[in-house]
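> What follows is a structure written as structure tokens; I'll ask about it next.
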Amino acid sequence: MPTAEQSLLVDAILRHRPFALAAALRRALHVAGEYVPVEEQAQFQAYVDSIAIDMVPDGFRYVSRDGVPLLGIGPLELFEQEGSPQLLTWCAVWYGEEALVEWRRRGGK
């Protein structure tokens with residue numbers, strides 16, 4: 001079961017991919033009915049700066065924070081639903097240590 005942090009990161013990475021992580025997280029928070037108050041902007045930016053997203057050639061993304069595995073996403077496939085211009089995403093998500101195991105299995109270091 002993913003934590004709230006993991007769920008927010010998955011949403012930000014998948015649904016808001018064209019944006020930088022900070023903007024994607026703000027958008028994901030907005031969708032969830034949340035926001036970052038002005039007095040917490042520096043803390044939010046420090047959090048964003050502590051997130052690392054690495055990728056192996058097959059498209060698997062490994063997300064960690066301060067060396068702790070949070071999640072793995074991959075591979076991403078974007079497609080259009082018939083009759084709709086909306087892009088849909090298919091992927092698999094691994095959480096915590098399972099993400100690290102999958103990352104290493106795919107050749108990540």
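> Starting from the range 41-59, keep only residues that are within 22 Å of Arg26 (Cβ to Cβ) and in contact (Cβ under 8 Å) with a residue 12 or more places away in the chain, then list their pairs with residues that are charged (D, E, K, R) and in a strand (DSSP E or B) whose Cβ atoms are within a distance under 6 Å, requiring at least 6 positions of separation or different chains.
Ser50/Arg65; Ile51/Arg65; Ile53/Arg61
> Select from the range 100-109 the residues that are basic (Lys, Arg) and in a loop (DSSP other than H, G, I, E, B) and write down the one among them that is most open to solvent (accessible area, probe 1.4 Å).
Result: Lys109.
> Then there's this: Would the range 78-99 turn up any residue that is modelled with pLDDT of 90 or more, surrounded by 11 or more Cβ atoms within 10 Å (Cβ to Cβ) and part of a helix (DSSP H, G or I)?
yes
> Another question, then. Evaluate the range 41-52: report whether one residue or more is polar (S, T, N, Q), open to solvent by 50 Å² or more (accessible area, probe 1.4 Å) and modelled with pLDDT under 85.
No; the residues of the range 41-52 include none that is polar (S, T, N, Q), open to solvent by 50 Å² or more (accessible area, probe 1.4 Å) and modelled with pLDDT under 85.
> Can we say Val63 is of a type outside the set (Ser, Thr, Tyr) and either modelled with pLDDT under 85 or exposed (fewer than 11 other Cβ atoms within 10 Å of the Cβ) (or both)?
Details: of a type outside the set (Ser, Thr, Tyr): yes; either modelled with pLDDT under 85 or exposed (fewer than 11 other Cβ atoms within 10 Å of the Cβ) (or both): no.
It is false that Val63 is of a type outside the set (Ser, Thr, Tyr) and either modelled with pLDDT under 85 or exposed (fewer than 11 other Cβ atoms within 10 Å of the Cβ) (or both).
> How many of the residues in the range 46-67 are over 26 Å from Trp90 (Cβ atoms), assigned to a loop (DSSP other than H, G, I, E, B) and not acidic (Asp, Glu)?
The total comes to 2.
> So Asp58 fits all but one of (1) open to solvent by less than 50 Å² (accessible area, probe 1.4 Å); (2) at pLDDT below 90; (3) within 16 Å of Leu100 (Cα to Cα); what number is the exception?
(1)
> Same structure, new question: Step by step: first the residues of the range 5-40, then only those that are over 25 Å from Pro75 (Cα atoms) and of a type in the set (Asp, Glu), then the one that is surrounded by the fewest Cβ atoms within 10 Å (Cβ to Cβ). Which residue is that?
Once the filter is applied, the top-ranked residue is Glu39.
The values are calculated or read from the model by the stated rules, or taken from the named source; none is laboratory data. On a predicted model such as this, the values are computed, not experimentally measured, just so you know. Cβ sites come from the backbone with ideal geometry, for glycine too, and all protein chains shown count toward neighbours. Ligands, DNA and RNA are stripped out before the accessible areas are found, and what is left, the full protein with its side chains, is counted by its heavy atoms. Shrake-Rupley method; radii C 1.70, N 1.55, O 1.52, S 1.80 Å.
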